[in-house]
Amino acid sequence: MKLSFIHKLYSGSLRFFLFLLVFSFFSFLFVSPASANHFRAGTLSWETVPGKERTILLKGQIGWTNNHVHIPMATPIGGVVTNKVLIDYGDGTSVNAAVRVISRNTTTNDVQTELVSIKTGDSDYTEGLEKTYASDGTYTAGWGSSARETAINLDGSSWRNETKVNIGGTYAGNNSPSSAVAAVVQVPDNTIFTYKLAAVDKDGDNIKFRYGTKPEFFSTGTGEATKPTGLAIDEEGNITWDVTDETLSTNIGDRWQMTVMVEDLDNEGQVKSYVPLDFVLRISDSTDAPPVITTEQNSYTVGSGNTLIFQLTAKDPDWEEGFNSPQISVINPPSASNSIWSTTSSSEDDTSVMEITFSPTAGMQGNQYVIVFQAIDNGGNASTKNITFNINTVTPIPTATSTPTPTQVVTSTPQPTPATCTTQKAVAPELFQIDTQQNKATVYFSPISGFNTYTVSYSTNSDGEGTTVSHSGDSVGVQKVTIDSLDSNSTYYFKVRVDNGCMPGEWSSIKSISTIQSQIVTPLLPQEKMRITNVSVQTPLKSQCTYTVEPGDTLWKLSEEAFGDGFQTQKIIDLNKNEYPNIATTLEVGSVLSFPCESFNEDLPHTHDGEGNSIKTYKNVLTIYVENNGVPLANANVELHSNPKYGKTDQNGKVTFTDVEPGEHTLYLVHNGYKSEQKVTLDDGQEEYSIKINVEMKQSPWYFSIISLVAGALLTLFIIWLFFFIKKRKKKEEDKQS
C-alpha cells in the first residue's frame, strides 16, 4: 500500500514537474525581446608598448544599436561609459573596461565605441588597455556576451571577439594586424556584390583573410561559422556574393552575419597572430543607388607633427529635387581630439564634400589606421570607403606644385612665414536667429554682398571656438545652416564669418541658445514593449483646382507655374500621390492633378523675441488619436519632434498640438512603462492635421524574467524535496521489511 502511495505521489509529482518545466520553457522563450539584441560589430588589435617588458596595448572597436540602453543615447561623442566590456586576457585575469563613443548615426541606428582606460600618469581616458603578462607565451585575449542582433545565418545569439597575442618567444616584438569596417554594409538586391576588406600591419607582415570559426565568434560549436549562402571570400579580403534573383531569394532588409579573421604571417607563411572582423551584410533596395564616394587617394602617408588636409566627395546618382544631400560621416576616427582629427562638411543638391584635417602626434608615429567613411542618401541607403593612413617620422616640406583640387596638403610645424595678403577683410554678417531642437540647431544670418561662402563656428565655450561648418549660399537673402548631433539640454555659442581666401572676414556677434531636454521619462527598461501597428495621417484639403497634364509638362514646370518656385515639386507629389502613386517618377499626359486654389506663398505670421528678432510661427493644428487595439488609450504621454511639444491623451485617447510646423516629425508614445516611436510627415500648405495611431502592448521582459526566475527556483526546490522524500520513504520500507 505504501509503495503504491509513493508511486502515486511520484506520478503526481512528475506531472507537476513537467508542468513547471513547460512553464519555465515558455517563460524563458519570451524573455529575449528584439530590442535587447544590441551587438552589431567588433574588432580587436594589439601592439607592444615600447620600454615595458611583456606589455601590450589592447585596442578594440565595438558597434552597438544606437537606441539600446547599453550605450545610453545621452552619451555624447567623446563621452565614456564605464564597466561595459569584460576583457579576458587569456592568462586567468580579466578587467571590466570602459568604452568611449566615437561616432553615432541615428539614420542607420549605429553607435561606434572604442576601448579606453586611464593609464599610469594619465589624468583622463586614452585609447586602449595596457596589459603586462607575467611570463612569455601565446595568449588568447577576448570578450563576449549574448544578444547578437538577429541575422539569417547566425550560429547562436552569443558573440565572441578574440585575438591571438604573442609575448616573447619566436615572435617577440610582434604587433597584430588591424582592420575596420562599418557595422552594417549595404548589399544591393538582385546584384553580384563585391567588396574589399582592408587591413594593415605595423610590422609590414603579409596579411591573410579567412572566414572565422564558430568557437571564435559564437563561443560554441565546432568548425567554420556559417557563411551567407553562396558568399566567397579570398585570402586578400575580396568578397563576392551573387544575390541575383536567379541564384538566391533575398528580401530588402535581410541581415546576414559576417565573421572574418585577419592573420599576419611570418616568412614561411605561418600564422603569427590574428584579429577578428565581425559585421553585418544587409540587403538594400537596388533601385535606390547609394552615394558614390570618391577621394584622390585610397591611402595617405603623413609625418607625425605634420598636417594632412584632403577632401572626400559623396554624390547621389539618383538624387531628385526635394531630396536631402548625401550625409557623410566617419565611423572610426583615429582620435577624439579636434586638434588631431577634425572635419568640415558642405552640401549642395546631389553632392556633399567633407574636408578632413589630420595632424598626428608623436605618440602616433609608426602607427597605421584603416578609417571607414560612410555616405547615406535620402532613402537611407549607404556606401562605405576604407582609407588607410601611415604615420611616419617628421618629413621635410615638399616643393609646392600646382595640383588639382581636392589635394593632399602637407605643411610643417612651425608654419613658414605667409605671403602678404592684399585682399580686404569683409565685414561681419548679422547672426540674428537660432532655432533649436533637442539635438540640432538652425542658424539664420544675413549675408554680405559679393560673398557666398561662410563658416559657422560653434561650441559649448562662450567664445564659440570649436567645430566649424562650411556653407555655400547666396550673397542676397537670409541664409540658414542646420547643425546636427548636438547634445540635448546643453548651451551652445554660435558665430559666423565670410570665407575670403587668405583674408577671412570678421566674426559676427556671438549668439547662444540651449538645446531642449526630452521631457519624457525613459522607462526602467527602454526595450520596445509597445508596437505601433497602424498610422493614418489625414490632412483636410483646402479648396482644390485641377489641371490636366499636357505633353511637355514636368513637375518642375508645373511647380514654377503654380507656386512661382520650381523647388516646390514635393507639394504637387503630396497632393496627388494617392491618385497617382508613381507621380514622383512618372508624369502621364492626361493625368488630372489637384492644386490648392489659393496661393501657397502666403506669408506666415511672425512674432518677435525680446531682442527684436523675427521668429517664424505656425498656425497649424495637429490632433492625435491613440488607440490600443481599437480602444481609446487614455493618459498616454505624447512627445512630438522636431520642435518638441508634449501632451497627454484624454479619456478619448486624444491630444492636440498647435503651431506645428510641416515636415517630418518623430512621435514618441509612453504609457505605463511601455514605449514606442513613429516617424510621420505633415504636408505643407495645410492648417489642420489628424493622426490616428493604433498600438499593441507586449508584456514587459522583466515580468517574464521574474516569473522565469521564480519558476526555476520553485522547480529546483521541488526536485530536491522530491528526491529526499522518495529516498526517505524507500528507507522506511526497507527497514520494515528487514
Treat each spin label as a single point 7 Å out from the Cα along the C-beta direction, and report the Lys692 to Ile532 distance in nm.
-> 1.6 nm
Among His38, His70, which comes first, second and so on when ranked by fewest other beta-carbon atoms within 10 Å?
-> His70, His38
Spacing of the two label points (7 Å from each Cα toward its C-beta) at Thr150 and Glu664, in nm = 2.5 nm
Given R₀ = 35 Å, FRET efficiency for Thr244-Glu320 by Cβ-Cβ distance, to 0.05?
-> 0.85
Cross-link reach list, lysines versus Lys131, counting only Cα pairs under 20 Å and skipping chain neighbours closer than eight places | Lys52, Lys59, Lys84, Lys119, Lys164, Lys202, Lys272
Fully extended contour minus Cα-Cα distance, from Thr460 to Thr491, at 0.36 nm per residue = 10.6 nm
What is the extension gain from Leu86 to Ala232, computed as 0.36 nm multiplied by their sequence separation minus the C-alpha to C-alpha distance, in nm to one decimal?
-> 49.3 nm
For Val271, placing the label point 7 angstrom along Cα-to-beta-carbon and taking segment 170-209, residues whose amide nitrogen sits under 12 Å are 208-209
Grab the Cα-Cα distance for Asp735 and Thr106, subtract it from 0.36 nm times how many residues apart they are, and report the gain in nm with one decimal.
-> 219.1 nm
Once a ≥ b ≥ c are taken as the square roots of the eigenvalues of the Cα gyration tensor of segment 138-182, is the result rounded (a/c under 1.5), prolate (a/b larger than b/c) or oblate (a/b not larger than b/c)?
-> prolate
May I ask you to sort Glu561, Glu114, Glu430 by Cβ crowding, counting other Cβ atoms within 10 Å and putting the fewest first?
-> Glu561, Glu430, Glu114
By its C-alpha gyration tensor, with a ≥ b ≥ c as the square roots of the eigenvalues, how is segment 36-287 shaped: rounded for a/c under 1.5, else prolate for a/b larger than b/c, else oblate?
-> oblate
Cα gyration tensor, segment 544-596 - rounded (a/c under 1.5), prolate or oblate | rounded
Ranked highest first by average number of other Cβ atoms within 10 Å, how do 343-349, 270-276 line up?
-> 270-276, 343-349
Whole-Å distance, taken between Cα centres, linking segment 654-675 and segment 243-306 = 39 Å
In this structure, the FRET efficiency calculated for Ile118 and Thr546 from their beta-carbon separation, with R0 = 45 Å, to the nearest 0.05, is 0.05
Fewest-first ranking of Ile726, Ile331, using other Cβ atoms within 10 Å as the exposure measure | Ile726, Ile331
On the formula 1/(1 + (r/R0)^6), with r taken between the Cβ atoms of Asp650 and Asn67 and R0 of 41 Å, the FRET efficiency rounded to 0.05 is 0.90
Highest first, please rank the peptides 198-207, 54-63 by the mean number of other Cβ atoms sitting within 10 Å of their residues.
-> 54-63, 198-207
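Every number here is computed from the coordinates shown, using simple stated rules; none is lab data. Quick caveat, the model's predicted, so the values are computed rather than measured. Glycine also receives a Cβ, built like all others from the backbone with ideal geometry; neighbour counts cover every protein chain displayed.
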